[in-house]
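What follows is a set of notes on a single structure, which appears directly below.
The values are calculated or read from the model by the stated rules, or taken from the named source; none is laboratory data. Everything numeric in this text was worked out from a predicted model, so none of it was measured. Please note: Cβ atoms are built from the backbone with ideal geometry, for glycine as well, and neighbour counts cover all protein chains shown. These area figures cover heavy atoms from the full protein model, side chains too; ligands, DNA and RNA do not enter into them. Shrake-Rupley method; radii C 1.70, N 1.55, O 1.52, S 1.80 Å.
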Amino acid sequence: MGSFLLNAIWIVLTVIGTAMPATMVANSAEHHIGRSMLVGHLTSQPIGHYVFCRSHRDECRAEKERAPARVTDYGWSVVHEINDAVNHEVIPMTDIEIYGEEEVWSYPEAMGDCEDYVLLKRALLIERGFPASDLLITVVRKRNGEGHAVLTLRTDDGDYILDNLDDDVKLWTDTPYTYLKRQASYHAGRWVNIENGDELTVGSIPN
């Protein structure tokens, strides 16, 4: 990865808050009904992620099966710091504008689209001690029907969303999206359907 932007953001965040590896602790099997997505069968992997995985195999491997962890107060401060920093440092631009082609998933140097924001946030949170199995790239549909990517943070209190279109970190049911699919928590290179993705989101477009 090693991009200038990632290194710059890492320096900023290290100054803001002292790095602590134990940002998430106390694994819990408890799920709050409605606060967590219900995932189903394996589904197709986005082509952009498939190509990304071919050159980043270590980031698309099997993960240890585990229950979502509890996020500490310090952990939440790290989540908000990283979400804000990436949202404000990366200039939004489409793949067509940057590369002249569609669906290029990569770590942004200075500009990127929604998938690039997600990849950078995920990498920075893993560096700060969050389990990869709790940081899942997620594909949603906006109210206007357009596709969009966000980062799902699994916790023992539910699933929360980091979004480049919103600086607030929100419970997934408080966002205006229809949820389609996300990375499997047990394998970063596999994807699963979200079965209740349009049941709890007010005003979303059905599948």
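Kindly check whether there is at least one residue in segment 115-128 that is open to solvent by 60 Å² or more (accessible area, probe 1.4 Å) and β-branched (Val, Ile, Thr).
Of all residues in segment 115-128, those open to solvent by 60 Å² or more (accessible area, probe 1.4 Å) come to 126-127.
Filter once more, so that each one left must be β-branched (Val, Ile, Thr): 126.
Yes, segment 115-128 has at least one match.
On the basis of being open to solvent by less than 30 Å² (accessible area, probe 1.4 Å), assigned to a helix (DSSP H, G or I) and more than 17 Å from Met37 (Cβ to Cβ), does Glu97 make the cut?
Numbers: open to solvent by less than 30 Å² (accessible area, probe 1.4 Å): no; assigned to a helix (DSSP H, G or I): yes; more than 17 Å from Met37 (Cβ to Cβ): yes.
No; evaluated as a whole, the condition is false for this residue.
Of the residues Glu115, Glu102, Glu109, which single one is outside any helix (DSSP H, G or I) and either of a type in the set (Val, Ile, Thr) or in contact (Cβ under 8 Å) with a residue 60 or more places away in the chain (or both)? Let's see the steps before the verdict.
Values: Glu115 fails: outside any helix (DSSP H, G or I); Glu102 fails: either of a type in the set (Val, Ile, Thr) or in contact (Cβ under 8 Å) with a residue 60 or more places away in the chain (or both).
Result of the check over Glu115, Glu102, Glu109: Glu109.
Kindly indicate the residue of segment 57-94 that is assigned to a loop (DSSP other than H, G, I, E, B) and without any contact (Cβ under 8 Å) to a residue 40 or more places away in the chain and also surrounded by the fewest Cβ atoms within 10 Å (Cβ to Cβ) among those meeting that condition. Lay out the reasoning, then the answer.
Step one: filter segment 57-94 for residues assigned to a loop (DSSP other than H, G, I, E, B), giving 60-61, 63-69, 72, 90, 93-94.
Narrowing the set further to residues that are without any contact (Cβ under 8 Å) to a residue 40 or more places away in the chain leaves 93-94.
Values: Met93: 15, Thr94: 13.
Selected residue: Thr94.
Taking segment 100-114 as the search range and keeping residues that are closer than 23 Å to Arg190 by Cα and open to solvent by 60 Å² or more (accessible area, probe 1.4 Å), which one is nearest to the chain's Cα centre (by Cα)?
Restricting to residues being closer than 23 Å to Arg190 by Cα and open to solvent by 60 Å² or more (accessible area, probe 1.4 Å), the top hit is Glu103.
What number of residues within segment 162-181 satisfy the criterion of being of a type in the set (Val, Ile, Thr) and either under 14 Å from His148 (Cβ atoms) or crowded, with 23+ Cβ neighbours inside 10 Å (or both)?
Residues of segment 162-181 of a type in the set (Val, Ile, Thr): 169, 173, 175, 178.
Applying the additional criterion that residues be either under 14 Å from His148 (Cβ atoms) or crowded, with 23+ Cβ neighbours inside 10 Å (or both) yields 175, 178.
Of the residues in that region, 2 qualify.
Can you tell me which residue among Ala132, Ala184 is in contact with an Asp or Glu (Cβ under 6 Å, 6 or more places away or on another chain), under 21 Å from Met37 (Cα atoms), of a type in the set (A, V, I, L, M) and surrounded by fewer than 22 Cβ atoms within 10 Å (Cβ to Cβ)? Reasoning before the result, please.
Values: Ala184 fails: in contact with an Asp or Glu (Cβ under 6 Å, 6 or more places away or on another chain).
So the residue among Ala132, Ala184 that is in contact with an Asp or Glu (Cβ under 6 Å, 6 or more places away or on another chain), under 21 Å from Met37 (Cα atoms), of a type in the set (A, V, I, L, M) and surrounded by fewer than 22 Cβ atoms within 10 Å (Cβ to Cβ) is Ala132.
Against the condition among the charged types (D, E, K, R) and part of a helix (DSSP H, G or I), how does Lys121 come out, does it pass? Give the steps one after another, and end with the answer.
Working: among the charged types (D, E, K, R): yes; part of a helix (DSSP H, G or I): yes.
Yes; evaluated as a whole, the condition is true for this residue.
Answer with yes or no whether Arg182 is over 14 Å from the mean Cα position of the chain (by Cα) and either at pLDDT 95 or above or among the basic types (Lys, Arg) (or both).
On the way: over 14 Å from the mean Cα position of the chain (by Cα): no; either at pLDDT 95 or above or among the basic types (Lys, Arg) (or both): yes.
No, not satisfied.
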